[in-house]
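Novice: First the structure, which I've put down as structure tokens, then a few questions once you've had a look.
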Amino acid sequence: MTTTPVPSLSLPGGVEIPQVGLGVFQVPDDGTQANVEQALELGYRHVDTAAAYYNEAGVGAALRASGLPREDVFVTTKLRNGDQGFEQALRAFDDSRRALGVDQVDLYLIHWPVPGKDLYVETWRAFEKLLAEGAVRAIGVSNFLVEHLDRLVAETDVVPAVNQMEVHPTFQQVEVQQRCRELGIAVEAYSPLGRGGDLDAPAVVAAAVDLGVTPAQVVLRWALQQGRVVIPKSLSAERQASNLDVFSFALSPQQVASIDALEAGVEGRTGADPATASFTQFRD
């Protein structure tokens with residue numbers, strides 16, 4: 001267990017989001033409870049799930065089994081693409097809240113913009129309703145590009161608190177991050193290790209050797225020093241603990257710059273392109 005407290009970033013409305021969380025993407029529901037319980041025992045206080053992961057019930061079971069006060073664990077879930085639209089989004093949120101077994105969700109995200117369906121503005125208005133009613137503490141988006149963010153800001157009332165997006169050394173989405181900063185939107189990095197693909201980069205390995213830490217710790221620290229939230233996924237207790245133990249050292253400006261230089265543009269992307277992604281996220 002880390003001895004250094006995990007700092008938080010401030011979101012609108014006085015909401016504090018721990019800067020390191022546990023992602024449960026692709027964790028089977030029957031293994032999610034044990035995985036999340038393990039993380040909570042190690043000191044994690046932030047768990048990120050989604051309706052599309054089909055493991056919200058496992059997250060909820062872990063919350064109850066942990067014995068921790070509900071307010072001590074920050075819980076994020078996301079709306080499935082196929083549930084976009086005003087009324088459908090409200091129904092889907094109720095399904096997620098029941099699966100999690102919570103009265104209030106800390107952060108609710110539109111998982112993808114799905115611009116081809118042109119429903120994300122209508123969906124966002126449902127999110128604004130949930131926020132106004134107190135069903136959620138903060139609302140945000142995931143995988144939104146500059147044009148999607150700008151349209152939301154122009155056509156709705158509430159600026160997203162968070163944009164959860166793929167960010168790692170070889171795929172930094174610099175323009176999207178810059179627009180988020182301009183709008184006051186926190187950037188939350190998923191796949192922060194590039195699905196492991198960035199850990200062998202010479203700049204990362206050199207920094208790890210110099211600091212006496214692991215390459216994964218170097219990459220996570222790089223993201224944290226630049227003000228992002230990170231949600232690495234791991235089933236291993238050892239790696240979960242290591243991913244949380246990233247606050248007792250710091251990268252030098254030169255080390256940060258050398259990792260920044262790994263940017264490869266779209267060649268570094270490991271996930272789908274938000275400009276064209278249109279999958280429903282329903283199981284077949």
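The values are calculated or read from the model by the stated rules, or taken from the named source; none is laboratory data. If you're wondering where the values come from, they're calculated on a predicted model, not measured in any experiment. Note that we place each Cβ from the backbone using ideal geometry, even for glycine, and neighbour counts take in every protein chain shown.
Novice: Of the numbered conditions (1) part of a strand (DSSP E or B); (2) of a type outside the set (Ser, Thr, Tyr); (3) without any contact (Cβ under 8 Å) to a residue 40 or more places away in the chain, GLY140 fails exactly one; give the number of that condition.
Specialist: (3)
Novice: Could you run through the range 240-281 and say how many residues are exposed (fewer than 12 other Cβ atoms within 10 Å of the Cβ) and among the hydrophobic types (A, V, I, L, M, F, W, C)?
Specialist: Of the residues in the range 240-281, 3 are exposed (fewer than 12 other Cβ atoms within 10 Å of the Cβ) and among the hydrophobic types (A, V, I, L, M, F, W, C).
Novice: Looking at the range 138-147 only, could you name the residues that are over 12 Å from the mean Cα position of the chain (by Cα) and either at pLDDT below 95 or buried (at least 23 other Cβ atoms within 10 Å of the Cβ) (or both)?
Specialist: Filtering the range 138-147 for residues over 12 Å from the mean Cα position of the chain (by Cα) gives 138-139, 144-147.
Listed by number, the residues that qualify are ALA138, ILE139, PHE144.
Novice: Can you tell me which residues in the range 220-233 are outside any loop (DSSP other than H, G, I, E, B) and charged (D, E, K, R)? I'd like the intermediate steps shown before the answer.
Specialist: Initially, the range 220-233 is screened for residues outside any loop (DSSP other than H, G, I, E, B), giving 220-225, 229-230.
The one that is outside any loop (DSSP other than H, G, I, E, B) and charged (D, E, K, R): ARG221.
Novice: For the structure I just gave you, tell me whether ASP198 is charged (D, E, K, R) and either part of a loop (DSSP other than H, G, I, E, B) or surrounded by 14 or more Cβ atoms within 10 Å (Cβ to Cβ) (or both). Walk me through it before giving the result.
Specialist: On the way: charged (D, E, K, R): yes; either part of a loop (DSSP other than H, G, I, E, B) or surrounded by 14 or more Cβ atoms within 10 Å (Cβ to Cβ) (or both): yes.
Considered against the rule, which asks whether it is charged (D, E, K, R) and either part of a loop (DSSP other than H, G, I, E, B) or surrounded by 14 or more Cβ atoms within 10 Å (Cβ to Cβ) (or both), ASP198 comes out as yes.
Novice: Does ASP150 meet the test of being under 18 Å from PHE282 (Cα atoms), among the charged types (D, E, K, R) and surrounded by fewer than 24 Cβ atoms within 10 Å (Cβ to Cβ)?
Specialist: Values: under 18 Å from PHE282 (Cα atoms): no; among the charged types (D, E, K, R): yes; surrounded by fewer than 24 Cβ atoms within 10 Å (Cβ to Cβ): yes.
In short, no.
Novice: How many residues are part of a strand (DSSP E or B) and within 23 Å of SER10 (Cβ to Cβ) if we restrict to the range 68-123? Quick ask: steps written out before the conclusion?
Specialist: Initial filter on the range 68-123 (part of a strand (DSSP E or B)): 74-79, 105-110.
From what's left, within 23 Å of SER10 (Cβ to Cβ): 74-78, 105-110.
Residues in the range 68-123 being part of a strand (DSSP E or B) and within 23 Å of SER10 (Cβ to Cβ): 11 in total.
Novice: Assess whether GLN217 counts as being assigned to a helix (DSSP H, G or I), without any contact (Cβ under 8 Å) to a residue 40 or more places away in the chain and not hydroxyl-bearing (Ser, Thr, Tyr). Talk me through it step by step, then tell me what you get.
Specialist: Values: assigned to a helix (DSSP H, G or I): yes; without any contact (Cβ under 8 Å) to a residue 40 or more places away in the chain: yes; not hydroxyl-bearing (Ser, Thr, Tyr): yes.
So GLN217 fits the description; yes.
Novice: Can you name the residue in the range 1-41 that is more than 19 Å from the chain's Cα centre (by Cα) and of a type in the set (A, V, I, L, M) and is also farthest from LEU193 (Cα to Cα) among such residues?
Specialist: ALA34
Novice: Could you run through the range 234-270 and say how many residues are out of contact with any helix residue (DSSP H, G or I) (no Cβ under 9 Å at 6 or more places or on another chain), not polar (S, T, N, Q) and not in a helix (DSSP H, G or I)?
Specialist: 2
Novice: Follow-up. Take the conditions surrounded by 15 or more Cβ atoms within 10 Å (Cβ to Cβ) and on the phi < 0 side of the Ramachandran plot and apply them to THR214. Does it pass?
Specialist: On the way: surrounded by 15 or more Cβ atoms within 10 Å (Cβ to Cβ): yes; on the phi < 0 side of the Ramachandran plot: yes.
So THR214 passes the test.
Novice: For the range 192-210, indicate whether the set of residues that are on the phi > 0 side of the Ramachandran plot and touching a helix residue (DSSP H, G or I) at 6+ places or on another chain (Cβ under 9 Å) is non-empty.
Specialist: Taking the range 192-210 as the starting set, the residues that turn out to be on the phi > 0 side of the Ramachandran plot are 194-196.
With the extra rule that they be touching a helix residue (DSSP H, G or I) at 6+ places or on another chain (Cβ under 9 Å), the set shrinks to 194, 196.
Yes, the range 192-210 has at least one match.
Novice: Identify, by number, the condition in (1) touching a residue at least 40 places away in the same chain (Cβ under 8 Å); (2) within 27 Å of ARG45 (Cα to Cα); (3) not acidic (Asp, Glu) that PRO274 doesn't meet.
Specialist: Looking at each condition in turn, PRO274 falls short on (2).
Novice: Being touching a Ser or Thr at 6+ places or on another chain (Cβ under 6 Å) and part of a strand (DSSP E or B) is the filter here; which residues of the range 18-57 pass it?
Specialist: PRO18, ASP48
Novice: Still on this structure, I have one more. Just wondering, is there one or more residues in the range 188-196 that are among the aliphatic types (A, V, I, L, M) and more than 14 Å from VAL230 (Cβ to Cβ)? First the steps, then the outcome.
Specialist: The initial filter retains those residues of the range 188-196 that are among the aliphatic types (A, V, I, L, M), namely 189, 193.
Adding the requirement that they be more than 14 Å from VAL230 (Cβ to Cβ) leaves none.
No, there is no match, as no residue in the range 188-196 is among the aliphatic types (A, V, I, L, M) and more than 14 Å from VAL230 (Cβ to Cβ).
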